[in-house]
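Below is one structure, written out as structure tokens, with a few remarks after it.
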């Protein structure tokens, strides 16, 4: 949700299997929770560094997850995010947010 954040990554656009799998999972989470549920700091705030992904993973797999209805999608996505580079994470969010399409064409 941060076009300014995307500007820092736009020259490093990536589209691959991981990115294509992440976008629908992000959509599933937002369809249930408009602020990204347990992945809020990554999905909404664009904190794409490994430490933030790890923090979210600990919350999702912890004893008291914040938002249970989308836990399956969150679990799948956080494991995928963990395997992604920051550029892949940014590209996934940029496609979801419609800043670019799957070919990297800028939409805004």
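Readers should treat all values here as calculations from the given coordinates under stated rules, not as data from a laboratory. No experiment lies behind these values; they were computed from the predicted model shown. So basically every Cβ, Gly included, is an ideal-geometry build from the backbone, and we count neighbours across all protein chains shown.
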Out of the stretch 15-41, which residues are touching a helix residue (DSSP H, G or I) at 6+ places or on another chain (Cβ under 7 Å) and under 12 Å from residue 93 (Cβ atoms)? 19, 22, 23, 25, 26, 27, 29, 36, 39
How many residues does the stretch 1-44 hold that are in a helix (DSSP H, G or I) and in contact with a strand residue (DSSP E or B) (Cβ under 9 Å, 6 or more places away or on another chain)? 2
Only one of these is closer than 15 Å to residue 15 by Cβ, surrounded by 13 or more Cβ atoms within 10 Å (Cβ to Cβ) and under 9 Å from the mean Cα position of the chain (by Cα): 26, 95. Name it. 26
Residue 60 being in contact with a helix residue (DSSP H, G or I) (Cβ under 9 Å, 6 or more places away or on another chain), buried (at least 18 other Cβ atoms within 10 Å of the Cβ) and without any contact (Cβ under 8 Å) to a residue 24 or more places away in the chain: yes
